[in-house]
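Please read the structure below before turning to the comments.
The values are calculated or read from the model by the stated rules, or taken from the named source; none is laboratory data. This is a predicted model, so every value here is computed, not measured. With ideal geometry, Cβ positions are generated from the backbone for all residues, glycine too; neighbour counts draw on all protein chains shown. SASA here: full protein model, heavy atoms, side chains in, ligands and nucleic acids out. Shrake-Rupley method; radii C 1.70, N 1.55, O 1.52, S 1.80 Å.
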Amino acid sequence: MGRRLVPLTLDNLPDLPNRCRACVFWELDPVSGEAAVQAGKPELEKEAWISAVLLEWGSCGRVVYVDEVPAGFVLYAPPAYVPRSTAFPTSPVSPDAVQLMTARILPGFQGQGLGRVLVQTMAKDLVRRGFRAIEAFGDARWEEPACVLPAEHLLAVGFKTVRPHPRFPRLRLELRTTISWKEDVEMAIDRLLGAVQKEPALRPL
């Protein structure tokens, strides 16, 4: 089974699930997001957001393929690019962290460890770019795939709660102070995903 991870770009955006490709939950504030949906153009807003982040900040996601079939993705960016994050009761995201916005493994590919691989690959990218941590809002009452990730899953891949909440705790994964993560990222992931090409830091795609 061949696994391949590539940066998310406008070219492979169509490989995301239809629901995710047309979702602007994180990319717009609540009012603008609702307006985009009412106007019937959330896909255009999604493309515009990804284009702007790529140009200004660089790679903001990864897509994983299994035997060349899209199997899942992860999306992340500094909190300044994520308007919806300020609407959460446990906001704001720390200024030294990048926000893990959302991720999804498609049915048929779950239970293969791809979620952990996506998080590790994101961590590798951000360590190389000089960031200290990843933060995310988790859903403590998660029941089905949605824009907010299950808190239980985030805890399982190494995140720690930094601001508790009965529904939306904020969680954090330290990068530079967690040597085991750096070793895991540099060794195990390179071995598992040897075909992934390294990109220069902050290179616009």
Seminar exercise, completed: Within region 147-170, the residues that are open to solvent by less than 50 Å² (accessible area, probe 1.4 Å) and closer than 15 Å to VAL74 by Cβ are CYS147, VAL148, LEU149, PRO150, LEU154, VAL157, GLY158, PHE159
Seminar exercise, completed: The residue that is farthest from CYS20 (Cα to Cα), considering only those in region 86-145 that are open to solvent by less than 30 Å² (accessible area, probe 1.4 Å) and of a type in the set (D, E, K, R), is LYS124
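Working carefully through the options ALA71, ALA39, ALA77, find the one that is hydrophobic (A, V, I, L, M, F, W, C) and open to solvent by 20 Å² or more (accessible area, probe 1.4 Å). Break it down into steps so the answer makes sense when it comes.
Numbers: ALA71 fails: open to solvent by 20 Å² or more (accessible area, probe 1.4 Å); ALA77 fails: open to solvent by 20 Å² or more (accessible area, probe 1.4 Å).
The conditions single out ALA39.
So which residues in region 52-70 are of a type outside the set (Lys, Arg) and within 16 Å of the chain's Cα centre (by Cα)? If you could, list the steps in order and put the result at the bottom.
Filtering region 52-70 for residues of a type outside the set (Lys, Arg) gives 52-61, 63-70.
Of everything in region 52-70, those that are of a type outside the set (Lys, Arg) and within 16 Å of the chain's Cα centre (by Cα) turn out to be VAL53, LEU54, TRP57, GLY58, SER59, CYS60, GLY61, VAL63, VAL64, TYR65, PRO70.
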Exercise. Taking strands (runs of 3 or more DSSP E) that fall entirely within region 35-149, which contain at least 2 residues that are in contact with a Gly (Cβ under 8 Å, 6 or more places away or on another chain)?
Worked result: 61-66, 69-77, 97-105
Problem set entry | Cross-chain or 6+ apart pairs with Cβ under 7 Å, region 21-46 first and under 14 Å from SER85 (Cβ atoms) and modelled with pLDDT of 90 or more, then β-branched (Val, Ile, Thr) and assigned to a loop (DSSP other than H, G, I, E, B) | TRP26/VAL82; GLY33/VAL24
